[in-house]
Amino acid sequence: MRWRATRPIHPVERWMQSVPTWLVVTLAVVLLLALKTLAEIPEIQKTIAPQIQTHHWQFISTLLSDVESIAAVTAVILYIKGAPERRAQRHYEAWHIIDMAASAKMEVSYARYQALEDLHRDGLSLEGLEAPNANLAKIELPGAELSNCNLRMANLRQANLSGANLQGADLRAADLQNANLRGANLQGSNLQGANLRNAELWEAKWWDSDLSEAELWWADVHIEDLEGAHLCGTIMPDGQKLNRDCEEAPGEIRSSY
């Protein structure tokens, strides 16, 4: 399974990761010592920061009166500097859980369920995910990168996949009842025999997708929206079976919508 660690988003965190640890710690110690010295010399206080009251300086002096405060600041800096490694380790463990569940052909795995949501929340791509037959009902993956994933026969009832990229995904016989696929990219996906009853499919992209034998009972979609999709034995929202794209057998008449 492919994965990559996310980069720091906050400017301060990004700066701290770009600067060597020894330099960050040195600057912090120098700054603290400067504050400690300043807090002990009233003449300098009046010149540099006259707006700060005396009792505030006394508080700063007390706070910095021993090395423990400096050690605490150093510890915080080291903790922040170690964030990328901890994040990468967390992502590695999440992918390990997902791969183990796939290898064991586990249908139900709360750990995998949580790992997928966590990875998506951290902004990682789920491209190429292997989770056939997985129980992922009600999972929250809006806008997820799920291209070329294998979700064959997966339980995705009431799943939130709005805006997700499912291009080239294997969704054969997947249960997508009441799923939210609004704005999802389903181009080139295989949805043969999929259950899309009452699914929200508004603004989804269907070009070159295969909806053969799929059920769209009461789904939020119109025939015009399915331009470019392969329809054969497809049950439309009104219950009519549509064979628009079936290969004609001798004597067979294709139904029209």
>> Suppose the filter is assigned by TED's automatic domain parsing to the domain that holds residue 137, closer than 17 Å to residue 141 by Cβ and among the aliphatic types (A, V, I, L, M); does residue 231 pass it?
In response: no
In the set 141, 116, 156, 129, the lone residue that is farther than 24 Å from residue 88 by Cα, assigned by TED's automatic domain parsing to the domain that holds residue 206 and buried (at least 16 other Cβ atoms within 10 Å of the Cβ) is 156
The one condition residue 121 fails out of (1) modelled with pLDDT of 85 or more; (2) loosely packed, with under 15 Cβ neighbours inside 10 Å; (3) outside the structural domain of residue 170 (by TED's automatic domain parsing) is (3)
Within the range 191-213, residues being buried (at least 23 other Cβ atoms within 10 Å of the Cβ) and either of a type in the set (A, V, I, L, M) or within 23 Å of the chain's Cα centre (by Cα) (or both) number 8
When the range 98-128 is checked residue by residue, the ones that are among the acidic types (Asp, Glu), outside any helix (DSSP H, G or I) and more than 18 Å from residue 165 (Cβ to Cβ) are 107
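The values are calculated or read from the model by the stated rules, or taken from the named source; none is laboratory data. Predicted model, so just to flag it, every value in this text is computed and none were measured. Using ideal geometry, Cβ is built from the backbone for each residue, glycine included, and neighbour counts are taken over all protein chains shown.
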